[in-house]
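Asker: Mind looking over this structure? Questions follow.
The values are calculated or read from the model by the stated rules, or taken from the named source; none is laboratory data. Bear in mind that the values here come from a model prediction, so they are computed numbers and not experimental data. No Cβ is skipped: glycine too gets one built from the backbone with ideal geometry, and neighbour counts run over all protein chains shown. Note: accessible area is taken over every heavy atom of the protein model, side chains too, but ligands, DNA and RNA are not part of it. Shrake-Rupley method; radii C 1.70, N 1.55, O 1.52, S 1.80 Å.
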Amino acid sequence: MTKAPLFKSCVTISLVEQARGGPFVFWDGLADGIEKAADLGFDAVELFLPSSTAVRGDEVQQLLAGTDLSVGAVGTGAGMVIHQLSLTDPDAGRRSAACDFIKSMIDFGGPMGAPAIIGSMQGRHGGDVSREQALGWLGEALTTLGDHARQYDVPLIYEPLNRYETNLANTIGQGVALLHACGAQNVVLLADLFHMNIEEADIAAAIRTGGRQIGHVHYVDSNRQAVGFGHTDFVPITNALKEIDYDGYLCAEAYPIPDSSTAAKMTVAAVDAANQILLK
Ligand code: LER
Ligand code: MN
(Lines give C-alpha, C1' and ligand atoms only; values in the text may rest on other atoms or scores of the structure.)
(Ligands and ions follow the chains in the order given, each with its own letter.)
Protein backbone atom coordinates (compact mmCIF):
# COMPACT_ATOMS: atom_id res chain seq x y z
CA MET A 1 0.00 0.00 0.00
CA THR A 2 1.42 3.41 -0.89
CA LYS A 3 1.60 5.91 1.93
CA ALA A 4 -0.45 9.08 1.49
CA PRO A 5 1.75 12.17 1.15
CA LEU A 6 1.36 14.53 4.09
CA PHE A 7 0.35 18.17 4.09
CA LYS A 8 3.41 20.41 4.35
CA SER A 9 3.61 23.26 6.83
CA CYS A 10 4.59 26.75 5.73
CA VAL A 11 4.78 30.14 7.42
CA THR A 12 4.90 33.70 6.07
CA ILE A 13 7.77 36.16 6.47
CA SER A 14 7.18 39.77 5.42
CA LEU A 15 9.94 42.25 4.63
CA VAL A 16 7.47 44.86 3.37
CA GLU A 17 7.40 47.71 5.88
CA GLN A 18 4.47 49.35 4.10
CA ALA A 19 2.40 46.24 4.86
CA ARG A 20 3.12 46.29 8.60
CA GLY A 21 -0.01 45.30 10.48
CA GLY A 22 -0.88 42.86 7.71
CA PRO A 23 -1.48 39.11 8.00
CA PHE A 24 2.08 37.79 8.07
CA VAL A 25 3.57 35.81 10.93
CA PHE A 26 7.22 36.87 10.97
CA TRP A 27 8.33 40.49 10.55
CA ASP A 28 11.85 40.76 11.95
CA GLY A 29 13.97 40.02 8.89
CA LEU A 30 14.71 37.02 6.77
CA ALA A 31 17.40 35.48 8.98
CA ASP A 32 15.17 35.71 12.06
CA GLY A 33 12.09 34.30 10.29
CA ILE A 34 14.01 31.43 8.70
CA GLU A 35 15.71 30.53 11.97
CA LYS A 36 12.42 30.50 13.89
CA ALA A 37 10.58 28.57 11.17
CA ALA A 38 13.36 25.96 11.13
CA ASP A 39 13.40 25.66 14.93
CA LEU A 40 9.64 25.06 14.97
CA GLY A 41 9.95 22.33 12.33
CA PHE A 42 8.15 24.03 9.42
CA ASP A 43 8.66 22.58 5.95
CA ALA A 44 8.74 25.95 4.20
CA VAL A 45 8.55 29.70 4.36
CA GLU A 46 6.49 31.97 2.10
CA LEU A 47 8.23 35.26 1.38
CA PHE A 48 6.54 38.63 1.03
CA LEU A 49 9.21 40.95 -0.38
CA PRO A 50 9.24 44.61 -1.46
CA SER A 51 10.83 43.65 -4.80
CA SER A 52 12.78 40.89 -6.49
CA THR A 53 16.01 42.73 -5.66
CA ALA A 54 15.30 43.32 -1.95
CA VAL A 55 17.31 40.21 -1.20
CA ARG A 56 19.48 38.05 -3.47
CA GLY A 57 18.43 34.50 -4.25
CA ASP A 58 21.80 33.16 -3.12
CA GLU A 59 21.42 34.95 0.25
CA VAL A 60 18.12 33.13 0.71
CA GLN A 61 19.76 29.83 -0.26
CA GLN A 62 22.56 30.48 2.22
CA LEU A 63 20.10 31.13 5.04
CA LEU A 64 18.21 27.95 4.13
CA ALA A 65 21.35 25.83 3.98
CA GLY A 66 21.57 23.60 7.02
CA THR A 67 17.81 23.74 7.53
CA ASP A 68 15.16 21.45 6.01
CA LEU A 69 13.19 24.48 4.83
CA SER A 70 12.14 25.26 1.27
CA VAL A 71 10.63 28.44 -0.09
CA GLY A 72 6.98 27.50 -0.55
CA ALA A 73 5.95 30.57 -2.55
CA VAL A 74 6.67 34.26 -3.06
CA GLY A 75 3.99 36.95 -2.83
CA THR A 76 3.76 39.75 -5.39
CA GLY A 77 1.40 42.06 -3.48
CA ALA A 78 4.14 44.64 -2.88
CA GLY A 79 3.64 45.71 -6.50
CA MET A 80 0.22 46.95 -5.39
CA VAL A 81 1.06 48.01 -1.84
CA ILE A 82 4.17 50.01 -2.76
CA HIS A 83 3.67 50.95 -6.44
CA GLN A 84 -0.16 50.68 -6.84
CA LEU A 85 0.39 48.41 -9.85
CA SER A 86 -2.34 46.09 -11.07
CA LEU A 87 -2.90 43.78 -14.01
CA THR A 88 -6.25 45.47 -14.70
CA ASP A 89 -5.15 49.12 -14.57
CA PRO A 90 -6.86 51.16 -17.31
CA ASP A 91 -3.40 52.39 -18.43
CA ALA A 92 -1.61 49.89 -20.72
CA GLY A 93 1.80 51.06 -19.52
CA ARG A 94 0.83 50.43 -15.88
CA ARG A 95 -0.53 46.97 -16.77
CA SER A 96 2.72 46.19 -18.49
CA ALA A 97 4.71 47.40 -15.46
CA ALA A 98 2.55 45.17 -13.24
CA CYS A 99 3.29 42.22 -15.49
CA ASP A 100 7.05 43.00 -15.42
CA PHE A 101 6.97 43.23 -11.60
CA ILE A 102 5.37 39.78 -11.38
CA LYS A 103 7.78 38.35 -13.98
CA SER A 104 10.68 39.57 -11.84
CA MET A 105 9.18 37.77 -8.83
CA ILE A 106 8.74 34.58 -10.90
CA ASP A 107 12.41 34.90 -11.92
CA PHE A 108 13.37 35.35 -8.26
CA GLY A 109 11.41 32.39 -6.87
CA GLY A 110 11.62 30.07 -9.88
CA PRO A 111 15.26 28.98 -9.48
CA MET A 112 14.51 27.95 -5.87
CA GLY A 113 11.36 26.08 -6.91
CA ALA A 114 9.01 28.69 -5.44
CA PRO A 115 5.94 29.77 -7.42
CA ALA A 116 4.75 33.39 -7.40
CA ILE A 117 1.28 34.30 -6.11
CA ILE A 118 -1.03 36.77 -7.84
CA GLY A 119 -3.44 38.11 -5.24
CA SER A 120 -3.90 41.85 -4.87
CA MET A 121 -2.04 42.49 -8.15
CA GLN A 122 -5.18 41.33 -9.98
CA GLY A 123 -6.80 44.70 -9.19
CA ARG A 124 -10.49 45.31 -9.85
CA HIS A 125 -12.94 46.56 -12.47
CA GLY A 126 -14.76 49.89 -12.24
CA GLY A 127 -14.84 53.37 -13.71
CA ASP A 128 -14.04 53.13 -17.41
CA VAL A 129 -13.03 49.48 -17.10
CA SER A 130 -15.88 46.98 -17.49
CA ARG A 131 -15.87 43.63 -15.69
CA GLU A 132 -15.52 41.86 -19.04
CA GLN A 133 -12.52 44.02 -20.00
CA ALA A 134 -10.79 43.53 -16.64
CA LEU A 135 -11.32 39.75 -16.72
CA GLY A 136 -9.97 39.74 -20.29
CA TRP A 137 -6.78 41.56 -19.23
CA LEU A 138 -6.41 39.37 -16.18
CA GLY A 139 -6.86 36.20 -18.24
CA GLU A 140 -4.22 37.34 -20.75
CA ALA A 141 -1.80 38.12 -17.94
CA LEU A 142 -2.38 34.73 -16.25
CA THR A 143 -1.70 33.02 -19.58
CA THR A 144 1.52 34.99 -20.22
CA LEU A 145 2.79 34.68 -16.65
CA GLY A 146 1.88 30.98 -16.35
CA ASP A 147 3.91 30.38 -19.52
CA HIS A 148 6.78 32.45 -18.09
CA ALA A 149 6.85 30.32 -14.92
CA ARG A 150 7.05 27.08 -16.89
CA GLN A 151 10.80 27.51 -17.58
CA TYR A 152 11.40 26.94 -13.84
CA ASP A 153 9.06 23.98 -13.68
CA VAL A 154 6.82 25.80 -11.21
CA PRO A 155 3.20 26.89 -11.66
CA LEU A 156 1.84 30.40 -11.23
CA ILE A 157 -0.59 30.72 -8.31
CA TYR A 158 -3.81 32.73 -8.70
CA GLU A 159 -5.72 33.72 -5.57
CA PRO A 160 -9.43 34.65 -5.46
CA LEU A 161 -9.88 37.35 -2.79
CA ASN A 162 -12.84 38.54 -0.76
CA ARG A 163 -15.12 41.31 -2.04
CA TYR A 164 -13.33 44.05 -0.09
CA GLU A 165 -10.10 43.35 -1.99
CA THR A 166 -11.27 42.58 -5.53
CA ASN A 167 -14.47 42.35 -7.55
CA LEU A 168 -13.02 39.96 -10.15
CA ALA A 169 -12.96 36.48 -8.59
CA ASN A 170 -14.16 36.10 -4.99
CA THR A 171 -14.74 32.36 -4.86
CA ILE A 172 -12.89 29.23 -5.87
CA GLY A 173 -15.70 28.53 -8.37
CA GLN A 174 -15.09 31.92 -10.00
CA GLY A 175 -11.37 31.17 -10.07
CA VAL A 176 -12.03 27.86 -11.83
CA ALA A 177 -14.28 29.66 -14.34
CA LEU A 178 -11.67 32.35 -14.99
CA LEU A 179 -8.91 29.82 -15.67
CA HIS A 180 -11.24 27.86 -17.92
CA ALA A 181 -12.34 30.97 -19.85
CA CYS A 182 -8.81 32.25 -20.51
CA GLY A 183 -7.34 28.82 -21.10
CA ALA A 184 -4.25 29.67 -19.04
CA GLN A 185 -1.96 26.71 -18.61
CA ASN A 186 0.34 26.17 -15.68
CA VAL A 187 -1.80 28.24 -13.30
CA VAL A 188 -3.15 26.81 -10.03
CA LEU A 189 -5.58 28.28 -7.51
CA LEU A 190 -4.84 29.44 -4.00
CA ALA A 191 -7.50 28.56 -1.44
CA ASP A 192 -7.16 31.24 1.25
CA LEU A 193 -9.43 30.07 4.06
CA PHE A 194 -9.88 33.63 5.34
CA HIS A 195 -11.28 34.90 2.05
CA MET A 196 -13.30 31.71 1.68
CA ASN A 197 -14.83 32.16 5.13
CA ILE A 198 -16.28 35.45 3.85
CA GLU A 199 -17.30 34.36 0.36
CA GLU A 200 -18.08 30.65 0.21
CA ALA A 201 -21.36 29.10 1.31
CA ASP A 202 -19.48 25.90 2.15
CA ILE A 203 -15.67 25.96 2.32
CA ALA A 204 -15.27 22.19 2.03
CA ALA A 205 -17.56 22.05 -1.01
CA ALA A 206 -15.59 24.89 -2.63
CA ILE A 207 -12.36 22.94 -2.11
CA ARG A 208 -13.95 19.97 -3.89
CA THR A 209 -14.98 22.32 -6.72
CA GLY A 210 -11.36 23.45 -7.08
CA GLY A 211 -10.16 19.85 -6.95
CA ARG A 212 -6.72 19.24 -8.44
CA GLN A 213 -6.59 22.90 -9.55
CA ILE A 214 -5.92 23.93 -5.96
CA GLY A 215 -2.16 24.29 -5.66
CA HIS A 216 -1.64 26.29 -2.48
CA VAL A 217 -3.57 26.96 0.73
CA HIS A 218 -3.44 29.98 3.04
CA TYR A 219 -4.16 28.13 6.24
CA VAL A 220 -5.79 30.51 8.62
CA ASP A 221 -8.81 30.80 10.86
CA SER A 222 -12.05 32.79 10.34
CA ASN A 223 -10.60 35.95 11.92
CA ARG A 224 -7.29 35.67 10.03
CA GLN A 225 -5.50 34.52 13.14
CA ALA A 226 -3.62 31.23 13.34
CA VAL A 227 -5.70 28.08 13.00
CA GLY A 228 -7.35 27.38 16.35
CA PHE A 229 -7.95 31.03 17.28
CA GLY A 230 -11.19 31.48 15.31
CA HIS A 231 -14.41 29.61 14.68
CA THR A 232 -13.68 27.74 11.44
CA ASP A 233 -14.38 24.01 11.64
CA PHE A 234 -11.24 22.44 10.18
CA VAL A 235 -12.39 18.82 10.15
CA PRO A 236 -14.56 19.05 7.00
CA ILE A 237 -11.91 21.25 5.34
CA THR A 238 -9.19 18.69 6.03
CA ASN A 239 -11.43 15.90 4.77
CA ALA A 240 -12.07 17.86 1.56
CA LEU A 241 -8.32 18.45 1.07
CA LYS A 242 -7.81 14.73 1.61
CA GLU A 243 -10.52 13.94 -0.93
CA ILE A 244 -8.87 16.07 -3.64
CA ASP A 245 -5.47 14.48 -2.84
CA TYR A 246 -4.01 17.85 -1.88
CA ASP A 247 -0.41 17.38 -0.85
CA GLY A 248 0.88 20.97 -1.00
CA TYR A 249 1.55 23.58 1.65
CA LEU A 250 -0.76 24.67 4.43
CA CYS A 251 0.71 28.14 4.81
CA ALA A 252 -0.01 30.44 7.74
CA GLU A 253 -0.85 33.81 6.24
CA ALA A 254 -2.08 34.99 9.62
CA TYR A 255 -1.75 37.92 11.99
CA PRO A 256 1.03 37.56 14.56
CA ILE A 257 -1.53 37.45 17.36
CA PRO A 258 -0.91 37.25 20.28
CA ASP A 259 2.67 37.18 18.92
CA SER A 260 4.58 35.63 16.01
CA SER A 261 5.88 32.69 17.97
CA THR A 262 2.47 31.65 19.33
CA ALA A 263 0.82 32.02 15.89
CA ALA A 264 3.59 29.90 14.35
CA LYS A 265 3.38 27.20 17.04
CA MET A 266 -0.42 27.00 16.72
CA THR A 267 0.01 26.48 12.98
CA VAL A 268 2.52 23.65 13.42
CA ALA A 269 0.13 21.93 15.83
CA ALA A 270 -2.79 22.45 13.43
CA VAL A 271 -0.90 20.99 10.45
CA ASP A 272 0.06 18.00 12.62
CA ALA A 273 -3.60 17.54 13.57
CA ALA A 274 -4.62 17.75 9.89
CA ASN A 275 -2.03 15.12 9.03
CA GLN A 276 -3.45 12.83 11.72
CA ILE A 277 -6.81 13.03 9.90
CA LEU A 278 -5.03 12.38 6.60
CA LEU A 279 -3.41 9.23 7.95
CA LYS A 280 -6.66 7.75 9.34
C1 LER B 1 -4.49 39.30 0.48
O2 LER B 1 -5.64 39.42 1.24
C3 LER B 1 -4.02 37.92 0.46
O4 LER B 1 -4.67 36.99 0.89
C5 LER B 1 -2.73 37.70 -0.14
O6 LER B 1 -2.38 36.36 -0.10
C7 LER B 1 -2.78 38.21 -1.56
O8 LER B 1 -1.68 38.85 -2.00
MN1 MN C 1 -3.93 34.98 0.99
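Asker: Run the numbers for A205 and Y164: contour at 0.36 nm per residue of separation, minus the present Cα-Cα distance, in nm.
Answerer: Extra length available between A205 and Y164 comes to 12.5 nm.
Asker: Count the net charge of all other residues whose Cβ sits under 10 Å from the Cβ of N186, scoring Lys and Arg as +1 and Asp and Glu as -1.
Answerer: -1
Asker: Charges on Cβ only, +1 for Lys and Arg, -1 for Asp and Glu, centred on the Cα centroid of segment 8-278; of N223, A263, T143, which one is farthest towards the dipole's positive end?
Answerer: Of the options given, the answer is T143.
Asker: Given a Förster distance of 35 angstrom, what is the FRET efficiency for T67 paired with V235, based on the Cβ-Cβ distance and rounded to 0.05?
Answerer: 0.65
Asker: Can I ask one more? So if we plug the beta-carbon distance of A92 and R212 into 1/(1 + (r/R0)^6) with R0 = 30 Å, what FRET efficiency do we get, rounded to 0.05?
Answerer: 0.30
Asker: If you don't mind, another one. For the chain, what is the Kirkwood hydrodynamic radius in Å, using each pair of distinct C-alpha atoms?
Answerer: Here the Kirkwood hydrodynamic radius works out to 18.6 Å.
Asker: Hey, another quick one. Under a straight-distance cross-link criterion of Cα-Cα below 29 Å, which lysines are reachable from K265, leaving out those fewer than 8 residues away in the same chain?
Answerer: K3, K8, K36, K242, K280
Asker: Additional query: Tally Lys and Arg at +1 and Asp and Glu at -1 over the other residues with C-beta under 14 Å from the C-beta of V16: what net charge comes out?
Answerer: Here the count lands on -3.
Asker: Quick one: compute the contact order of segment 8-278, relative version, from alpha carbon pairs under 8 angstrom and 6+ residues apart, as a percent.
Answerer: Value for segment 8-278: 18 percent.
Asker: 222 nm [θ] for the chain, helices only, -39500 (n - 2.57) per DSSP H run of 4+, per residue, to 500?
Answerer: Per the formula, -13000 deg cm²/dmol.
Asker: Let me know the shape class of segment 89-212, please: from the alpha-carbon gyration tensor, a ≥ b ≥ c as square roots of the eigenvalues, rounded when a/c is under 1.5, otherwise prolate if a/b is greater than b/c, or oblate.
Answerer: oblate
Asker: Need the full-extension length gain, K280 to R20, defined as separation in residues times 0.36 nm minus the C-alpha distance. One decimal, nm.
Answerer: 89.6 nm
Asker: Indicate, rounded to the nearest 5 percent, the antiparallel portion of the DSSP beta bridges found entirely in segment 8-278.
Answerer: Roughly 5 percent of the DSSP beta bridges within segment 8-278 come out antiparallel.
Asker: Around S261, under 14 Å between beta carbons, what's the net of Lys plus Arg minus Asp minus Glu among the other residues?
Answerer: -3
Asker: Step through the residues of segment 254-265 one at a time and calculate ³J(HN,Hα) from phi using the Karplus curve (6.51 cos²θ - 1.76 cosθ + 1.60, θ = phi - 60°), rounding each to whole Hz and writing x for Gly and Pro.
Answerer: Residue by residue, segment 254-265 yields 9, 5, x, 10, x, 6, 4, 5, 5, 4, 5, 5 Hz.
Asker: Once you've got the GNM for the chain with C-alpha springs shorter than 10 Å, pick whichever of T262, T171, T143 has the biggest mean-square fluctuation.
Answerer: Largest GNM mean-square fluctuation: T262.
Asker: For the chain, which whole percent of the accessible surface, found with a 1.4 angstrom probe, sits on carbon and sulfur atoms?
Answerer: The C+S portion of the solvent-accessible surface of the chain is 50 percent.
Asker: Hey, another quick one. Keeping all protein chains in the complex and leaving out DNA, RNA and ligands, what accessible area do you get for S70 with a 1.4 Å probe, in Å² to the nearest 10?
Answerer: So the heavy atoms of S70 present about 50 Å² to solvent.
Asker: Give me the accessible area per residue for segment 1-75, probe 1.4 Å, as a whole number in Å².
Answerer: Solvent-accessible surface per residue comes out at 46 Å².
Asker: Looking only at Cβ-Cβ distances, which cysteines of the chain have no other cysteine closer than 4.7 Å?
Answerer: So, C99, C182.
Asker: Before anything else, pin down the relative contact order of segment 1-136: Cα pairs under 8 Å, at least 6 apart, normalised by residue count, whole percent.
Answerer: Taking the mean separation of contacting Cα pairs over the length of segment 1-136, I get 21 percent.
Asker: With unit charges on the beta carbon (Lys/Arg positive, Asp/Glu negative), name the residue among I82, G41, A181 whose Cα is farthest towards the positive pole of the charge dipole of segment 8-278.
Answerer: It is A181.
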